[in-house]
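The values are calculated or read from the model by the stated rules, or taken from the named source; none is laboratory data. Everything numeric in this text was worked out from a predicted model, so none of it was measured. Here the Cβ positions follow ideal geometry from the backbone for every residue, glycine too, while neighbour counts run over all protein chains shown.
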């Protein structure tokens, strides 16, 4: 299945810098803290990669949710549809990540257990690394077992800001 519909993207200004959302078929395909849409494409499953990209000033509920989150409505991204493809474990783990409430966090070990495979800690970390829909699938809420930040595709400064922003809940 290859995405044949036009994919739209918009970049908005946030406190943490430019944030771009890539949308097709009424779901987020990718998002992140960049103004370069090409930076969003590598983790998008090949069958979902867009044939055509069209820039917009805004994308309705998608950019509204990102703006609302940055303004303090931490639950705004939860209602937005996301489309990502991978194997069964990652698909499920992305769904599990969407249930981790803002203001809380889990370890990679806890994510593996919540996703039904307690021994799959490395797979849980890979789930975060391959997450194309940052913010909408909140992989920034996953920390190392010792409480340190671990990695984040968009940089540890942004991950730290997101966690601090959410801790004010």
Report summary line: Within region 104-116, the count of residues that are out of contact with any strand residue (DSSP E or B) (no Cβ under 8 Å at 6 or more places or on another chain) and surrounded by fewer than 18 Cβ atoms within 10 Å (Cβ to Cβ) comes to 4
Query raised in the report: Out of 34, 16, 20, which single residue is closer than 18 Å to residue 161 by Cβ, modelled with pLDDT under 95 and either crowded, with 18+ Cβ neighbours inside 10 Å or not assigned by TED's automatic domain parsing to the domain that holds residue 141 (or both)?
Result: 16
Query raised in the report: Which condition breaks for residue 73 when tested against (1) more than 16 Å from the chain's Cα centre (by Cα); (2) over 25 Å from residue 165 (Cβ atoms)?
Result: (2)
Report summary line: So, first residue at positive phi in region 73-97, second residue at pLDDT 95 or above and part of a helix (DSSP H, G or I), Cβ within less than 6 Å, six or more apart or across chains; the pairs are none
Requested in this report: Starting from region 158-169, keep only residues that are free of Cβ contacts under 8 Å to residues at least 60 places away in the same chain, then list their pairs with residues that are part of a helix (DSSP H, G or I) whose Cβ atoms are within a distance under 6 Å, requiring at least 6 positions of separation or different chains.
Outcome: 159/140
Requested in this report: Scan region 117-136 for residues that are surrounded by fewer than 24 Cβ atoms within 10 Å (Cβ to Cβ) and touching a residue at least 24 places away in the same chain (Cβ under 8 Å) and jot them down.
Outcome: 117, 120, 123, 125, 126, 129, 130
Requested in this report: Scan (1) assigned by TED's automatic domain parsing to the domain that holds residue 155; (2) crowded, with 19+ Cβ neighbours inside 10 Å for the single condition residue 70 breaks and write down its number.
Outcome: (1)
Query raised in the report: Could you give every pair whose Cβ atoms fall below 6 Å, whose first residue belongs to region 141-153 and is touching a residue at least 40 places away in the same chain (Cβ under 8 Å) and on the phi < 0 side of the Ramachandran plot, and whose second residue is surrounded by 13 or more Cβ atoms within 10 Å (Cβ to Cβ) and in a loop (DSSP other than H, G, I, E, B), counting only separations of at least 6 or pairs across chains?
Result: 141/100; 141/105
Query - Number of the exception - residue 50 against (1) at negative phi; (2) buried (at least 17 other Cβ atoms within 10 Å of the Cβ); (3) within 16 Å of the chain's Cα centre (by Cα) - result: (3)
Query - Selected residue (criterion: nearest to residue 127 (Cα to Cα)) from residues of region 37-47 that are touching a strand residue (DSSP E or B) at 6+ places or on another chain (Cβ under 8 Å) and surrounded by fewer than 20 Cβ atoms within 10 Å (Cβ to Cβ) - result: 43
Query raised in the report: Across region 137-157, which residue is surrounded by the fewest Cβ atoms within 10 Å (Cβ to Cβ) among those that are part of a helix (DSSP H, G or I) and in contact with a helix residue (DSSP H, G or I) (Cβ under 8 Å, 6 or more places away or on another chain)?
Result: 141
**Report entry** Unique residue being over 20 Å from residue 167 (Cβ atoms), out of contact with any helix residue (DSSP H, G or I) (no Cβ under 7 Å at 6 or more places or on another chain) and assigned to a loop (DSSP other than H, G, I, E, B) when the list is 44, 54
**Finding:** 44
